[in-house]
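**Student:** Submitted below is the structure of interest, expressed as structure tokens.
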Amino acid sequence: MLEGTSPEGAHYYPAFPWTTYARMRDADVADLWTFMATLPPQDRADVPHEVGFPFNIRASLGGWKLLFADDDWVMPADTPELERGRYLVEALGHCAECHTPRNALGGPDKTLWMAGAPNPAGEGKIPGLRQGQLDWSAEDIAYYLESGFTPDFDSAGGQMAEVVENMSKLAPEDRAAIAAYVKALPPVQ
Ligand code: HEC
């Protein structure tokens, strides 16, 4: 989870977003495993990966890791609420996996962190959330994450619908912390 490496030492593809989970606290990784161990067994056979060239060459992932894998925080956080929001967004929520564009080698472009990206599923664009891109209040953002409703009573669509389903289960303080983090994102230069 933290290093993107299997027990045998093979590199995992970053489609499993260990690049984000690298920032997780050990105790939270342990809790996740405790939860997963309670899930019932599954008979369905595991399916092979479908990853395009050059990412299908697992050994090349070692070089990719040197280029892009780190567990540094991307945004500053100078209050406990912003720190909590940053942990939820940059680590557990892996929001940037969708909301940040990638460079030619598939690494996140940190200069455009959360500034919107092409939709990996093909259609349309994933919206940018930086100042000047999203003009919602912190309350609007927290309410969207809870209910899926935008301030003009549209509803979250695409993959964001699933994200909202999960975010709706968080404590209200956690949704407020995520909203505070989003509001603190600087404008795109
Ligand atoms: C799996 C991809 C994915 C992930 C992960 C994801 N989002 Fe989104 N997000 C989207 C898409 C797609 C939309 C556009 C939804 C729509 O058009 O209805 C969106 C829309 C939004 C919006 C509304 C912006 C607007 O202008 O309408 C906010 C706010 C938002 N996301 C915040 C977050 C936060 C915070 C996280 C992490 C907790 C997150 N997203 C994680 C894909 C994602």
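**Student:** Going through 2, 39, 67 one at a time, which residue ends up being part of a helix (DSSP H, G or I) and either in contact (Cβ under 8 Å) with a residue 24 or more places away in the chain or out of contact with any strand residue (DSSP E or B) (no Cβ under 9 Å at 6 or more places or on another chain) (or both)? Spell out how you get there, then give the answer.
**Tutor:** Numbers: 2 fails: part of a helix (DSSP H, G or I); 39 fails: part of a helix (DSSP H, G or I).
Sole residue among the options that is part of a helix (DSSP H, G or I) and either in contact (Cβ under 8 Å) with a residue 24 or more places away in the chain or out of contact with any strand residue (DSSP E or B) (no Cβ under 9 Å at 6 or more places or on another chain) (or both): 67.
**Student:** Being more than 16 Å from residue 91 (Cα to Cα) and outside the structural domain of residue 93 (by TED's automatic domain parsing) is true for just one of 45, 30. Which residue is that?
**Tutor:** 45
**Student:** For the range 5-33, which residues satisfy the criterion of being in contact with a strand residue (DSSP E or B) (Cβ under 7 Å, 6 or more places away or on another chain) and hydrophobic (A, V, I, L, M, F, W, C)?
**Tutor:** Scanning the range 5-33 gives no hits.
**Student:** Answer yes or no: is there a residue in the range 149-157 that is among the aliphatic types (A, V, I, L, M) and not in a loop (DSSP other than H, G, I, E, B).
**Tutor:** If we filter the range 149-157 for residues that are among the aliphatic types (A, V, I, L, M), which is where we start, we get 156.
With the extra rule that they be not in a loop (DSSP other than H, G, I, E, B), the set shrinks to none.
So far as the range 149-157 goes, no, none of its residues is among the aliphatic types (A, V, I, L, M) and not in a loop (DSSP other than H, G, I, E, B).
**Student:** Another question, then. Which of (1) in contact (Cβ under 8 Å) with a residue 40 or more places away in the chain; (2) within 16 Å of the chain's Cα centre (by Cα); (3) not assigned by TED's automatic domain parsing to the domain that holds residue 181 is the odd one out, the single condition residue 10 does not satisfy?
**Tutor:** (2)
**Student:** Scan the range 94-115 and tell me whether some residue there is hydroxyl-bearing (Ser, Thr, Tyr), under 26 Å from residue 28 (Cα atoms) and not in a loop (DSSP other than H, G, I, E, B). Before the answer, list the steps.
**Tutor:** Applying the first criterion (hydroxyl-bearing (Ser, Thr, Tyr)) to the range 94-115 yields 100, 111.
Narrowing the set further to residues that are under 26 Å from residue 28 (Cα atoms) leaves 100.
If we keep only those that are not in a loop (DSSP other than H, G, I, E, B) too, we end up with none.
For the range 94-115, residues hydroxyl-bearing (Ser, Thr, Tyr), under 26 Å from residue 28 (Cα atoms) and not in a loop (DSSP other than H, G, I, E, B): absent.
**Student:** Is it true that some residue in the range 83-103 is more than 14 Å from the chain's Cα centre (by Cα), at pLDDT below 95 and surrounded by fewer than 17 Cβ atoms within 10 Å (Cβ to Cβ)? Reasoning before the result, please.
**Tutor:** Here is the first cut: in the range 83-103, the residues more than 14 Å from the chain's Cα centre (by Cα) are 83-84, 103.
Then drop every residue that is not at pLDDT below 95, which leaves 103.
Now restrict to residues that are surrounded by fewer than 17 Cβ atoms within 10 Å (Cβ to Cβ): 103.
The answer is yes, given that some residue of the range 83-103 is more than 14 Å from the chain's Cα centre (by Cα), at pLDDT below 95 and surrounded by fewer than 17 Cβ atoms within 10 Å (Cβ to Cβ).
**Student:** Residues of the range 106-121 being more than 7 Å from the ligand (Cβ to nearest atom), surrounded by 12 or more Cβ atoms within 10 Å (Cβ to Cβ) and not basic (Lys, Arg), which ones?
**Tutor:** Just the residues of the range 106-121 that are more than 7 Å from the ligand (Cβ to nearest atom), to begin with: 106-118, 120-121.
Narrowing the set further to residues that are surrounded by 12 or more Cβ atoms within 10 Å (Cβ to Cβ) leaves 106-110, 112-118.
106, 107, 108, 109, 112, 113, 114, 115, 116, 117, 118 - these are the residues of the range 106-121 that are more than 7 Å from the ligand (Cβ to nearest atom), surrounded by 12 or more Cβ atoms within 10 Å (Cβ to Cβ) and not basic (Lys, Arg).
**Student:** Looking for something loosely packed, with under 14 Cβ neighbours inside 10 Å and within 18 Å of the chain's Cα centre (by Cα) - is there at least one such residue anywhere in the range 127-142? Break it down into steps so the answer makes sense when it comes.
**Tutor:** Just the residues of the range 127-142 that are loosely packed, with under 14 Cβ neighbours inside 10 Å, to begin with: 132, 135, 137, 139.
Remaining after also requiring within 18 Å of the chain's Cα centre (by Cα): none.
There is no residue in the range 127-142 that is loosely packed, with under 14 Cβ neighbours inside 10 Å and within 18 Å of the chain's Cα centre (by Cα).
**Student:** Filter the range 132-161 down to the residues that are among the small types (Gly, Ala, Ser) and within 8 Å of the ligand (Cβ to nearest atom) and list them by number.
**Tutor:** Passing the criteria: 155, 156, 157, 158, 161.
**Student:** To continue, here is another question. Starting from residues that are part of a loop (DSSP other than H, G, I, E, B) and over 20 Å from residue 112 (Cβ atoms), keep the ones in the range 168-189 and report whichever is farthest from the ligand (Cβ to nearest atom). Before the answer, list the steps.
**Tutor:** Residues of the range 168-189 part of a loop (DSSP other than H, G, I, E, B): 168-171, 184-189.
Checking which are over 20 Å from residue 112 (Cβ atoms) leaves us with 168-171.
Numbers: 168: 11, 169: 12, 170: 9, 171: 14 Å.
Among residues in the range 168-189 that are part of a loop (DSSP other than H, G, I, E, B) and over 20 Å from residue 112 (Cβ atoms), the one farthest from the ligand (Cβ to nearest atom) is 171.
**Student:** Let me ask something else. If we keep just the residues of the range 122-131 that are in a loop (DSSP other than H, G, I, E, B) and over 13 Å from residue 184 (Cβ atoms), which is nearest to the ligand (Cβ to nearest atom)?
**Tutor:** Taking the range 122-131 first, the residues in a loop (DSSP other than H, G, I, E, B) are 122-124, 127-131.
Going one step further and asking which of them are over 13 Å from residue 184 (Cβ atoms), we end up with 122-124, 127-128.
Working: 122: 12, 123: 9, 124: 7, 127: 4, 128: 8 Å.
Here the residue is 127.
The values are calculated or read from the model by the stated rules, or taken from the named source; none is laboratory data. Note that this is a predicted model, so its numbers are computed, not measured. Don't worry about glycine lacking a Cβ; one is built from the backbone with ideal geometry, like all the others, and counts go over all protein chains shown.
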